[in-house]
Amino acid sequence: MPVAEIDPVNAYLDNASTTRIHPDVRRLVSDSIDLANPSSLHTPGRRARRALEDARARVAASLSVAPSRVVFTSGATEANNLAVLGLARAAKERGRRIVTTAIEHSAVLGPCAALEREGYRVTTVGCDSRGRVSPRAVVEALNSETVLVSVMLANNEVGSRQPVEKIATAARSRGILVHCDAAQACGKLPLAPCAAVVDAMTLSAHKMHGPRGVGVLVIPAGSRPEPLLFGGDQEQRMRPGTENVAAAMGCALALELAESELDTNSARMELLRGKLLDGLRDALPGISWNAEGEAEDRLPSILSLAIPGLAADAVVLNLDAAGVAVSSGSACHAASIEPSHVLRAMGLDDEVARGTIRMSVASDTTDAEIEHALRVIPDVIRRLRRLADG
Ligand code: PLP
């Protein structure tokens with residue numbers, strides 16, 4: 001029996017973790033789930049191959065890159081691993097230095113740590129109090145041994161946008177490959193301009209109303225990452241294993257919808273996030289918006305709020321009981337009580353970081369969800385504050 005996990009919630013405000021699947025994408029994926037193995041020579045196999053290559057061509061067209069540069073993966077985590085490990089290892093004869101930033105997702109920082117264990121040197125550039133990395137600091141970290149720079153387009157915890165174009169121009173003029181994790185920007189920022197200035201780019205379908213478990217790595221035009229897996233010819237041998245054709249088709253459609261409706265969707269998200277922020281600020285003195293900055297420096301979707309004196313996990317669980325889904329810091333840290341590395345890099349003290357919740361809207365967030373959240377959140381926080389004050 002199908003179970004809709006997100007729908008019963010009165011206010012789903014955790015879209016940075018995952019978004020509700022678009023109805024057209026859901027239909028396409030479920031209608032395509034039974035396609036054959038695209039490597040088979042028979043008619044059903046050839047039909048699946050055509051569908052897969054059509055999905056690849058559509059992703060490539062949305063990003064204005066050659067279809068041969070589009071590699072389907074199981075999501076952004078795998079795409080980031082393939083980019084960082086695969087591109088660094090492929091370039092090891094030229095140098096063993098990587099430059100990245102302190103606010104990357106763990107799916108970039110994890111592979112960087114693995115490379116360090118292999119003898120690579122990783123330089124991690126910090127950020128300012130609004131979660132912005134300085135292009136100058138990245139450029140200063142480059143040297144003749146650097147083979148790869150990995151910098152995200154927008155941060156998943158606080159929504160700060162990064163100056164990828166400036167960084168990419170400087171690094172590429174020195175012959176250094178640039179990878180950009182654009183997973184969190186999917187559906188919120190235009191992706192083709194980013195694809196035009198970097199060598200490799202990561203996307204994730206479920207951040208833009210596509211299916212979970214499928215993503216894309218755009219690979220450099222002139223160099224290939226070393227594969228992480230072996231044993232098959234699929235995806236030009238860079239990602240062996242029978243392809244998930246239905247998911248690839250859903251990813252392509254989600255990307256097309258996201259790109260074609262970007263302006264309307266972004267404006268709606270900005271409006272909804274603004275309502276949420278204004279309502280909460282009016283009702284709750286003492287809260288603050290982490291990474292508040294100019295509109296062009298942040299995503300329209302994420303609201304990272306510091307609620308001093310409270311533990312974020314308690315807030316998340318109490319809001320959940322009242323039908324409001326949010327997360328504490330980054331969803332990927334939800335099981336741990338360690339303050340997030342991003343909030344720390346921004347200079348927030350541990351106490352503030354531990355009291356930070358992340359709310360995130362999407363273009364399909366309804367006014368009723370925001371109204372419900374504004375009815376519930378102030379009451380829950382006031383109650384928790386009373387309890388904390390004893
Ligand atoms: N990179 C960023 C910036 C993300 O926000 C996420 C998910 O939260 C990931 C990578 C991992 O994405 P996926 O769930 O597709 O593996």
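The values are calculated or read from the model by the stated rules, or taken from the named source; none is laboratory data. Not measured: the values here are computed from a predicted model. Cβ sites come from the backbone with ideal geometry, for glycine too, and all protein chains shown count toward neighbours. When the accessible area is computed, the model is the full protein with side chains, heavy atoms only, and any ligands, DNA or RNA have been set aside. Shrake-Rupley method; radii C 1.70, N 1.55, O 1.52, S 1.80 Å.
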Might you report the magnitude of the Cβ-based charge dipole of the stretch 193-348 about its Cα centre, with Lys and Arg at +1 and Asp and Glu at -1, to the nearest 20 debye? 280
Using per-residue counts of other Cβ atoms within 10 Å, averaged over each peptide, order 48-57, 114-123, 245-254 from highest down. 245-254, 48-57, 114-123
What is the gain in length, in nm to one decimal, between residue 320 and residue 236 on full extension, counting 0.36 nm per residue of separation less the C-alpha to C-alpha distance? 25.8 nm
Could you work out how far apart the two model spin labels at residue 224 and residue 173 are, taking each label as a point 7 Å from the Cα in the direction of the beta carbon, and quote it in nm? 3.2
Heads up, the chain by the C-alpha gyration tensor (a ≥ b ≥ c square roots of eigenvalues; a/c under 1.5 rounded, else a/b over b/c prolate, else oblate) looks oblate
Solvent-accessible surface (1.4 angstrom probe) belonging to residue 94, in square angstrom, nearest 10: 130
Please count, across the chain, the pairs of lysine residues with Cα atoms under 23 Å apart that sit 8 or more places apart or on different chains. 4
In degrees, nearest ten, helix 43-63 long axis to first principal axis of the chain (Cα): 60
Quick one: helix 367-388 against the long Cα principal axis of the chain, what's the angle to the nearest 10°, folded into 0 to 90? 60
Of 312, 170, 325, which is farthest along the charge dipole of the chain in the positive direction, counting Lys and Arg as +1 and Asp and Glu as -1 at C-beta? 170
Using alpha-carbon coordinates, inclination of helix 312-321 to the longest axis of the chain, degrees: 80
Counting only C-alpha contacts under 8 Å and six or more residues apart, can you give the relative contact order of the chain as a whole percent? 23
Karplus couplings for the stretch 354-364 from phi (6.51 cos²θ - 1.76 cosθ + 1.60, θ = phi - 60°), rounded to Hz, Gly and Pro as x? 5, x, 9, 10, 10, 10, 8, 9, 9, 5, 9
For the stretch 188-280, what's the relative contact order in percent, using C-alpha pairs closer than 8 Å and at least 6 residues apart? 27
Using Cα-Cα distances under 8 Å and only pairs 6 or more residues apart, what relative contact order does the stretch 276-390 have, in percent? 34
Choose one answer from 64, 17, 144: the residue with the largest mean-square fluctuation in a GNM of the chain with alpha-carbon springs under 10 Å. 144
Residue 140 paired with residue 57, simple spin-label distance in nm, labels 7 Å along Cα-to-beta-carbon: 4.9
Need the full-extension length gain, residue 271 to residue 350, defined as separation in residues times 0.36 nm minus the C-alpha distance. One decimal, nm. 25.4 nm
Set Lys and Arg Cβ to +1 and Asp and Glu Cβ to -1, take the dipole of the chain about its Cα centre, and tell me which of 85, 61, 214 lies farthest positive. 85
Dipole magnitude of the stretch 220-293 about its Cα centre, charges +1 at Lys/Arg Cβ and -1 at Asp/Glu Cβ only, in debye to the nearest 20? 180
Taking the Cα-to-Cβ direction at residue 47 and at residue 130 and moving 7 Å from each Cα, how far apart do the two end points lie in nm? 5.4
Which of the peptides 104-110, 256-262 is most tightly packed, and how do the rest follow, going by the mean number of other Cβ atoms within 10 Å of each residue? 104-110, 256-262
Rounded to the nearest 0.05, what FRET efficiency do residue 66 and residue 264 give with R0 = 41 Å and r taken as the Cβ-Cβ distance? Could you check? 0.90
